[in-house]
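Participant: Sending over a structure as structure tokens; questions will come in a sec.
The values are calculated or read from the model by the stated rules, or taken from the named source; none is laboratory data. Quick caveat, the model's predicted, so the values are computed rather than measured. Glycine gets a Cβ as well: all are built from the backbone with ideal geometry, and neighbour counts include every protein chain shown.
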Amino acid sequence: MSYLDDKTPIPGTIMFDGTMSRKGYGLNKMCYSLNDQAARDEFASDEMAYCEKYGLTSGQKTAIKDRDIIGLLEQGGSIYFLAKFAGGLGLNMQDIGALQTGLSLEEFKEKLVRAGD
Amino acid sequence: MAKIIGGIGSSHIPAIGMAIARKIQKTPYWKSFFDGFPPIHEWLASEQPDIAIVFYNDHGLEFFLDKKPTFAIGAAAEYISYDEGWGIDTIPPVIGDEDLSWHICNELVEDEFDITICQELGIDHGLTVPMQLMWPGNTYGHMKVIPVVINCEQHPMPSPKRCFDLGRSIGKAVESYQKDLKVVVLGTGGLSHQLDGQRAGLINKEFDLMCMDKLVNQPQALLEYSIRDLTEIAGAQGVELNMWLAMRGTLTGQVTELHRNYHIPISNTGAGTMLLSNV
């Protein structure tokens, strides 16, 4: 039996398994391409045209447009590939953390510091 | 004969590479983290290892989801650090040891670890940040490196026990190699953190400290956890403990803790640093 057979949700956590990986394949492939500067330039010049090339769904395109990280995760995005999209927008992991938790950046950083108490 | 002289546990957070590039190691945010490294530098300088085996995970540089090996090993003459898409500096090429890599591969497959063998392998921050931490100023030119990649990005992921056993098997392979070489093993990543989801920012200090305690001489106690357990307790990226367990698995002699440091937070993470000798 696989540990993935336990379907009890872990709060605030999406297990990036085969279901999510299939759902997000095009989205993640688009993000993976952003490892290259030329691709980042092309994405920046026309984001939606670039998304079309990778066959993103309309929901995924909307989430890209809205910088909706949770929406992207729910639609199969992997955080490792989304980091390449977000990084290109100048967002680091703490910015992304704040966006996902609905906290301000300062509140999110404070939460991290408190974990050390 | 080759000999594994010790293991090092270290974070590989990208922000560390950014801090090194900006030369802000002594600023208040970073000081207590970087202060954890001089004892390791002194140990490396006195022990003079020839080889570093580095367990890390590839965060979407070399491997996409089209082909995602559970375990992969480098068997190249050199490894190149490439653009990761969001601004971390690359480092000069890292030199490999093809003969030792192939020896390890031969032994691993014989031992039923059917690993993916890579004659080209782009390296990301999972490997480059620890290289910069261990050998500041990229002074690793005298070292030969064998990268070992463990899948931490896509479920299903290998269990802690399996990763420890992989380490065991690599340890045995190294110690059966006929050349006189001193080998240090790095387990990188962790400790507790979660980057994605509404639970982003989770850090579990108590669990991290317990893991560091157990790693020294009771690593078996950590092998009962499943990947789901680690995700729940230590966060979605807390599964990177697997690299520390693989490192610990390679140490088959008398293991002694020489040094440790633990600091919260570095970026979104509980950052552990640990030096173990293996006699």
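Participant: Being surrounded by fewer than 12 Cβ atoms within 10 Å (Cβ to Cβ), at the interface with chain B (Cβ under 8 Å from one of its Cβ atoms) and of a type outside the set (A, V, I, L, M, F, W, C): is that true of residue A:37 here?
Facilitator: yes
Participant: Identify the residue in the stretch A:9-32 that is without any contact (Cβ under 8 Å) to a residue 24 or more places away in the chain and more than 9 Å from chain B (Cβ to nearest Cβ) and, among all such residues, is farthest from the chain's Cα centre (by Cα).
Facilitator: Among them, the one singled out is A:9.
Participant: Within the stretch B:11-47, can you find the residues that are surrounded by fewer than 21 Cβ atoms within 10 Å (Cβ to Cβ) and in contact with a His (Cβ under 8 Å, 6 or more places away or on another chain)?
Facilitator: Listed by number, the residues that qualify are B:32, B:39, B:43.
Participant: Restrict the check to the stretch B:96-107 and report whether at least one residue is at pLDDT below 95, over 14 Å from residue B:72 (Cα atoms) and out of contact with any Phe, Trp or Tyr (no Cβ under 7 Å at 6 or more places or on another chain). Walk me through how you get there before you give the answer.
Facilitator: Of the stretch B:96-107, the ones at pLDDT below 95 are none.
No, there is no match, as no residue in the stretch B:96-107 is at pLDDT below 95, over 14 Å from residue B:72 (Cα atoms) and out of contact with any Phe, Trp or Tyr (no Cβ under 7 Å at 6 or more places or on another chain).
Participant: Tally up the residues in the stretch B:4-28 that are farther than 21 Å from residue B:55 by Cβ, part of a loop (DSSP other than H, G, I, E, B) and not hydroxyl-bearing (Ser, Thr, Tyr), please.
Facilitator: Number satisfying all stated conditions: 5.
Participant: Right, something else. Please find, within the stretch B:135-154, the residue that is farthest from residue B:67 (Cα to Cα) out of those that are part of a loop (DSSP other than H, G, I, E, B) and in contact with a Gly (Cβ under 9 Å, 6 or more places away or on another chain).
Facilitator: B:135
Participant: Output yes when any residue across the stretch A:48-68 is more than 13 Å from the chain's Cα centre (by Cα), part of a helix (DSSP H, G or I), at pLDDT 95 or above and among the aliphatic types (A, V, I, L, M), and no when none is.
Facilitator: Yes: the stretch A:48-68 contains one or more residues that are more than 13 Å from the chain's Cα centre (by Cα), part of a helix (DSSP H, G or I), at pLDDT 95 or above and among the aliphatic types (A, V, I, L, M).
Participant: If you don't mind, another one. Looking at the stretch B:37-58, I want the residues that are assigned to a loop (DSSP other than H, G, I, E, B) and have a partner that is acidic (Asp, Glu) with Cβ atoms under 7 Å, at least 6 apart or on another chain. Which pairs are those?
Facilitator: Close Cβ pairs satisfying both conditions: B:57/B:153; B:57/B:240; B:58/B:124.
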